[in-house]
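This report concerns only the one structure given below.
The values are calculated or read from the model by the stated rules, or taken from the named source; none is laboratory data. Everything quoted here is computed from the prediction, not taken from an experiment. For neighbour counting, all protein chains shown are included, and Cβ atoms are generated from backbone atoms with ideal geometry for every residue, glycine included. Accessible surface areas use protein heavy atoms only, side chains included; no ligands, DNA or RNA. Shrake-Rupley method; radii C 1.70, N 1.55, O 1.52, S 1.80 Å.
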4 protein chains.
Amino acid sequence: MENLVEWAFMKSKVSLREFPSAQARREFLEKELNINLHNIGHFTFAEESVAGRNIENLIGATQIPLGVAGPIMNHLIPLATTEGALVASVSRGCKAIMESGGACVEVELVGTTRGPVFKTQGIEHGFKTKNWIEKNFSLIAQTTQKTSSHLKLLKIDSQILSKNLYLRFYYDTGDAMGMNMVTIATDMAVKLIEQKTKARCIALAGNFDIDKKPAYLNFILGRGKKVWAEAVLPKKIVREVLKTTPEKIAEVVEKKCHLGSMMSGSMGFNSHFANIIAAIFAATGQDLAHAAEGSLGITTAEILKNGDLYFTIYLPDLMCGTVGGGTHLPAQQEALKIMNVRNVLEYCRAVGAAILAGELSLIASLAEGSLAKAHQKLGRKNK
Amino acid sequence: MENLVEWAFMKSKVSLREFPSAQARREFLEKELNINLHNIGHFTFAEESVAGRNIENLIGATQIPLGVAGPIMNHLIPLATTEGALVASVSRGCKAIMESGGACVEVELVGTTRGPVFKTQGIEHGFKTKNWIEKNFSLIAQTTQKTSSHLKLLKIDSQILSKNLYLRFYYDTGDAMGMNMVTIATDMAVKLIEQKTKARCIALAGNFDIDKKPAYLNFILGRGKKVWAEAVLPKKIVREVLKTTPEKIAEVVEKKCHLGSMMSGSMGFNSHFANIIAAIFAATGQDLAHAAEGSLGITTAEILKNGDLYFTIYLPDLMCGTVGGGTHLPAQQEALKIMNVRNVLEYCRAVGAAILAGELSLIASLAEGSLAKAHQKLGRKNK
Amino acid sequence: MENLVEWAFMKSKVSLREFPSAQARREFLEKELNINLHNIGHFTFAEESVAGRNIENLIGATQIPLGVAGPIMNHLIPLATTEGALVASVSRGCKAIMESGGACVEVELVGTTRGPVFKTQGIEHGFKTKNWIEKNFSLIAQTTQKTSSHLKLLKIDSQILSKNLYLRFYYDTGDAMGMNMVTIATDMAVKLIEQKTKARCIALAGNFDIDKKPAYLNFILGRGKKVWAEAVLPKKIVREVLKTTPEKIAEVVEKKCHLGSMMSGSMGFNSHFANIIAAIFAATGQDLAHAAEGSLGITTAEILKNGDLYFTIYLPDLMCGTVGGGTHLPAQQEALKIMNVRNVLEYCRAVGAAILAGELSLIASLAEGSLAKAHQKLGRKNK
Amino acid sequence: MENLVEWAFMKSKVSLREFPSAQARREFLEKELNINLHNIGHFTFAEESVAGRNIENLIGATQIPLGVAGPIMNHLIPLATTEGALVASVSRGCKAIMESGGACVEVELVGTTRGPVFKTQGIEHGFKTKNWIEKNFSLIAQTTQKTSSHLKLLKIDSQILSKNLYLRFYYDTGDAMGMNMVTIATDMAVKLIEQKTKARCIALAGNFDIDKKPAYLNFILGRGKKVWAEAVLPKKIVREVLKTTPEKIAEVVEKKCHLGSMMSGSMGFNSHFANIIAAIFAATGQDLAHAAEGSLGITTAEILKNGDLYFTIYLPDLMCGTVGGGTHLPAQQEALKIMNVRNVLEYCRAVGAAILAGELSLIASLAEGSLAKAHQKLGRKNK
């Protein structure tokens, strides 16, 4: 099969985007590469609903197994994953929390950010430009809001470095994750600023947003939504459902999530936020790359005076939506219905509760010493 | 729909894992929640091949649109995504690189890590335990290698903090990503160490691994594989294919990826590694949560004396495999065939080349000022 | 001399604070340890002006060699150091900058911060407490301002984590560095908050300040003062004074200060801010521990179209004062007069200019390849 | 006094280094600036012993008040500081620890590092160069060791990024801090590597050392020496000497040093390492800029089953020496004698014990709520 790929494309000057349909592309690939793409061709969404909107060079669909955990706080948690034990683990955590009377979840809107970088003539001109922007916030806000009735500019942070002026626009984008609309809106603001200040935009996204990268700016100030969740678990339920004790859970949280993460220079002081976020995001049509940001955050535990377990998670940077992006796809729509969420705040609450459950269960498993056992069971099946 | 979820489960004491099949679960959910799960029920993998191995409480599959970018370096790049413009952008980058004579990609095995934390009696006992481990490396290696013929223990790093001894086992796991097998192997090593040293294991995974979190330990020492990719692009091709100049690309790399990321306290000094990794990982059955680690890394650019563009990416922490996990699923197998990779090193090379292409294209788009335009075109379709 | 120390104190139950004077303490130490403290006893400040104010258990003074660099921007730079070549290097940088027409320096007040942490009853109570604080900012400000006429409360940031509410009070403390007065002022605010909200203060300083530690919170939001400095150096002066070229300087800035620091996970993207800050701070009676914060920041360089060098530094976190602390000591007062600064803003400007000069000179030295040569010359003398 | 500085130097073309002595420089400054430098002129070290070795443009000495804390573990702790309460606080901590039976301190040599960066022709050439260096370690070691009989090359780490090859040389420099000698030694190695590999050195210090900046590379792998210290404090002594309880101390450690530092993105998970290090370093002739690295590290606390307090500190990055640098100065020599240390390992042990004491005492003060009270007492005196 050596040089088939190069041969097929480079030498015959064919380009995948010239084919009229996913089927035509599949057939070309099947023939040229001598492979079968039967499973990829098996999908239910309408080709025209995604082509040129969610994807290009469409050839079909990937199928990721979908399981359901929960219920927790009136939500079920759809998880698309290939990591054995994840759904079972989240489910166990949900059970422990619900039998303990449920969780408390709080969500705070920080905003979807876009961060252009401008070139000024020097530090003085940088300050002048910064001042102009601060004084003309209303004008800039109006300009951005003309591009869509679904967004509202909340504030603009700015930092000067050398000839560069970094801005960070924060928007309320309603139920949408909104990167698309804030890009268009910020582009309009950029044009206005260029016109009025003689600063020149180097890049519409200058990493002061900062999008899809783990960053302390987002950890400290938040991005998208901040989410907190907490539950109190009686020691009896910890023992019966989680097979361990509050003390052991608190020990693992401290030694692993706190001290272990410090020793590793980690921005994630948790056990596996990323697992749960990636699986919910895949199931519900979110942008999967935002899992990189969702891995930030802190898990804590405390033994109460009566010996019960107080357990919490904090997510500083949850980027998601219930409209837009991949949420309109039919399987993803069904997953959102399973989740029983009507808007992005409910979605965030469900995610917060699911992460609380998932952290609790994995940490209990580590405390009990059963992690390898679970993997071994799976391991045998893998052979 | 208010309390349907709680009602259905809590009050009737039903648990999803009691149902015999995905269909039975779907039917229950459809009836109780009064929803339709037609699309989720539409999948081609054999239920018994995933249930209890890759997932629990299976109800069907999520379908994520799959596109193909490339070719690049004899690989096509399958991308499962709902983010419009991603496939087109990576394809454009591939075209520019291939017309420039291709890329050079290097891969270095660091190893899959697992990092247990032990409780010792104090700092002195910590040193004794650490010394015992160093002196008995061969014995420990043999113990771990008894659990599987597919892994080899490469080395063990250790750090003492208070009464805690943090270890970091590095394994060569062949073509598998291998978290499952290194968990089982390390569990055996842990039992040996507990027996011989009187240190007690607090958690088999103590975040000194550090798995699925962005961390400087992985950035600095690497995890999984380290990947470097570079290409030289004549200014003519930069102009014709990427619609900009080498100078503008180098400016965006410096002001956005370097200075912008510094100002944000980011571990990702790049533009969108996470996008490409998440989409390839989703298409090929990798663990999606590893996208959090894959977002680490650095993009660089340099103007050569003749005015051409030298462009590189560096990935310190790429966790992936071509066997195990979700790679055996039928659609994922087809994607691996499209990708034309026979082992994990080829897979890493293809990922490195794809990220090089994706970085080049997005940064060119930012340099040219066309990002918002592209989103606007998509934006209209989204309405 | 083995157990002399323990013998002298533990067995005779003597405590240094019981002695009436520095001389008495010295005599005791000289006798018991059989050593001579002649040089430490040689000082000019009045014992009563420091005892119980700047120090306890006073036995005399350390003498640190003091040199002078500059002039730059109408300032001389006093540097107390034992690192050979530092004064000469800063001087050379000053000369290059002054011959190039001087520097532009900007200073922005961020404020001296103090960050108490409170224990609340849970996340909900955390939000209630946070809301009470936001609504009662004026009352809190008045309370703090009663403790001193020299401070003004600027704002309060807050973050909730688990049952903990972290606050960050920002104060304008005039010409004083002010940690002392903001501690007293914040203590009064803490008492008010405890009384009104039922939250309990765990620690008056909860590391959300964050004082004397390198932290991204201070890097991103600033602390004390933010300082920017820039200069344009004609290539002729770079060649004649700095013995290298703008291109080589820009190369070292990129490869060392930017890429090298990224590869090291550093918060300092510079070459030696800490050297210059520590030496000026020692000379002028600042708190030396604040050098840890002063080491944060970024150096940049750019080749202008005409081939000249544009060179800048950015200090996000400069904690210093011209009154209070050790600034009243006689030698330190003389150093402040040499520096020719009348208030803290002028002091910050001088520090900014000195760091610009010091960075320029060391980086030129690295670019030229003369660093080892300079050390070798010193090395011989050290023998 | 407006333009006096510029006038005196720029217009009369005088340079401070032209004067023959510190006295001549002082007299010039006194006359031209119309100030008195009596106190700076008051010093005991021999001018010729520092000029051109430890400093240039010498005009005299800064006097920093010197106090003594301890004893602890057969050491007294000399502290040069102007921060009231610091000596008293460290002393209180020493007392509590000594009455509890003392501390256990461990020191591990990591090595003094120097990190040159080379420019290669590309990634492939980077690997060739890296391989040549690995294969020729003995030759390189011999080359470096020819420059001084006091150093030994321990190992070389390397990282490739784009065309840049970053090296990190680790040396054992005996009782010297050794930056001077490792610079000279590495320069010889660099010349050898340039000759044999055709890679070109961009900078002898490429921030992969990484010197005098807070960096995760040093946090994770260590630099200079790693130091651990621990003590067990009976609750009775905690109550009587520290006026608080083990529980309150453990609470402050967790909420401030751990969670507070996480929320701030700090590399220092402690309360005030920098204070103690800066004061000991100033007293004993160390390089003050290394306080920036010394501020890294972690404080921990644990309540033992019997209710006693187990308390520890960990310093990953302590750069210091007992010969070389400013240690030969007479007042600094006397301070080393007070400290009762005969070599660098004993010095590190004393520093570790002092930091343990200082952390314990400040944290107890925060737990008790007496920090502001102490400052208020000082505050009154400051008026």
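Could you work out which residue, out of A:N275, A:N340, A:N306, moves most in a Gaussian network model of chain A, that is, has the largest mean-square fluctuation with Cα springs under 10 Å?
A:N306
Between C and D, buried accessible area summed over both sides at probe 1.4 Å, in Å² to the nearest 100?
Chain pair C/D: roughly 11300 Å² of buried accessible area.
For C:Q145, what is the net charge nearby, where nearby means another residue's Cβ is under 13 Å from its Cβ and Lys, Arg count +1, Asp, Glu -1?
My count for the surroundings of C:Q145 gives +1.
Work out the charge dipole of the range A:116-203 with +1 on the Cβ of Lys and Arg and -1 on the Cβ of Asp and Glu about the Cα centre, then indicate which of A:H150, A:A185, A:P116 is farthest towards its positive end.
Checked the options; the winner is A:P116.
Over the protein assembly as shown, give the accessible area per residue in Å² for a 1.4 Å probe, as an integer.
Counting only protein heavy atoms, the per-residue value for the protein assembly as shown is 31 Å².
Using the Karplus curve 6.51 cos²θ - 1.76 cosθ + 1.60 with θ = phi - 60°, work out ³J(HN,Hα) for each residue of the range B:285-300 in order, rounded to whole Hz, and write x for Gly and Pro.
Going residue by residue, I get x, 7, 7, 4, 5, 6, 4, 4, 6, x, 6, 6, x, 10, 9, 10 Hz, with x marking Gly and Pro.
Which one, D:P65, D:S21, D:H125, is farthest towards the positive end of the dipole of the range D:1-133 when Lys and Arg carry +1 and Asp and Glu -1 on their Cβ?
Highest projection toward the positive end goes to D:H125.
Nearest 5 is fine: what % of DSSP beta bridges in chain C come out antiparallel, could you say?
90 percent
Relative contact order of chain D: what whole-number percent is it, with Cα pairs under 8 angstrom and at least 6 residues apart?
Relative CO of chain D lands at 20 percent.
Which whole number gives the average, over all residues in A:30-42, of C-beta atoms from other chains lying within 10 Å of the residue C-beta?
Partner Cβ neighbours, averaged per residue: 5.
Using +1 on the beta carbon of Lys and Arg, -1 on that of Asp and Glu, and nothing else charged, what's the dipole of the range D:18-63 about the Cα centre, debye to 20?
The dipole of the range D:18-63 has a size of about 100 debye.
Express the Stokes-Einstein translational diffusion coefficient of the range C:176-303 in µm² s⁻¹, to the nearest whole number, given a Kirkwood radius over alpha-carbon pairs, 37 °C and a viscosity of 0.692 mPa s.
185 µm²/s
Mind checking the dipole of the protein assembly as shown: about its Cα centre, +1 per Lys or Arg Cβ, -1 per Asp or Glu Cβ, Debye to the nearest 20?
Value, rounded to 20: 0 debye.
Which loop trypsin sites (Lys or Arg not before Pro) in the range C:313-355, with loop taken from DSSP, have no more than 14 other Cβ atoms within 10 angstrom of their Cβ?
Within the range C:313-355, the qualifying trypsin sites (Lys or Arg not before Pro) (loop, at most 14 other Cβ atoms within 10 Å) are C:R342.
Taking Cα centroids, how far is the range B:15-92 from the range B:176-226 in Å?
Spelled out, the Cα-based centre of one part sits 30 Å from the other.
Divide by every residue of chain D the summed helix terms, -39500 (n - 2.57) for each DSSP H run of at least 4, and state the resulting mean residue ellipticity at 222 nm, rounded to the nearest 500 deg cm²/dmol.
-12500 deg cm²/dmol
Pick from A:V232, A:V253, A:V50: which is most flexible by mean-square fluctuation in a GNM of chain A where alpha carbon atoms under 10 Å apart are linked?
Among A:V232, A:V253, A:V50, the largest mean-square fluctuation in the Gaussian network model of chain A belongs to A:V50.
What's the whole-number percent of alpha carbon pairs in the range A:27-147 lying beyond 23 angstrom?
68 percent
Just want the answer: with Cβ charges of +1 for Lys and Arg and -1 for Asp and Glu, which residue in A:A88, A:L304, A:S365 is farthest toward the dipole's positive end in chain A?
With unit charges placed on the Cβ atoms, the residue in question is A:L304.
Given that compact globular proteins tend to follow 2.2 N^0.38 Å, what is the ratio of the alpha-carbon Rg of chain B to that value?
So the Cα radius of gyration is 1.14 times the expected 2.2 N^0.38 Å.
If amide H atoms are built 1.01 Å from N in the plane of the peptide, which residues on other chains or at least 5 residues away come under 5 Å of the amide H of A:T82?
B:L288
Using Cα springs under 10 Å in a Gaussian network model of chain B, which residue among B:L366, B:L221, B:L296 shows the largest mean-square fluctuation?
Of B:L366, B:L221, B:L296, the Gaussian network model singles out B:L221 as fluctuating most.
Rounded to whole angstrom, how close does the nearest chain C beta-carbon get to the axis mapping C onto A, and which residue is it?
Chain C residue with minimal Cβ-axis distance: C:Y216, 2.
Which residues' amide hydrogens lie under 5 Å from the amide hydrogen of B:A69, considering only partners 5 or more residues apart or on another chain, with H built in the peptide plane?
B:I77, B:L79
Nearest 20 debye, what's the magnitude of the dipole of the range B:116-203 about its Cα centre given +1 on Lys and Arg Cβ and -1 on Asp and Glu Cβ?
360 debye
Computed over the Cα atoms of the protein assembly as shown, what is the convex hull's projected area averaged over all directions, in nm²?
Projected area, direction-averaged: 49.3 nm².
Leaving ligands, DNA and RNA out of it, rank C:F269, B:F28 by accessible area with a 1.4 Å probe, largest first.
Greatest to least solvent exposure: B:F28, C:F269.
Need one word for the range B:116-203: rounded, prolate or oblate. Basis is the Cα gyration tensor (sqrt eigenvalues a ≥ b ≥ c); a/c below 1.5 gives rounded, then a/b vs b/c decides.
Prolate.
If you consider only alpha-carbon coordinates, what radius of gyration and Dmax does the range C:226-383 have, in Å?
Cα radius of gyration and Dmax of the range C:226-383 are 16.7, 49 Å respectively.
Have a look at the range D:18-63 and give its Rg and Dmax from the Cα atoms, expressed in angstrom.
10.4, 30
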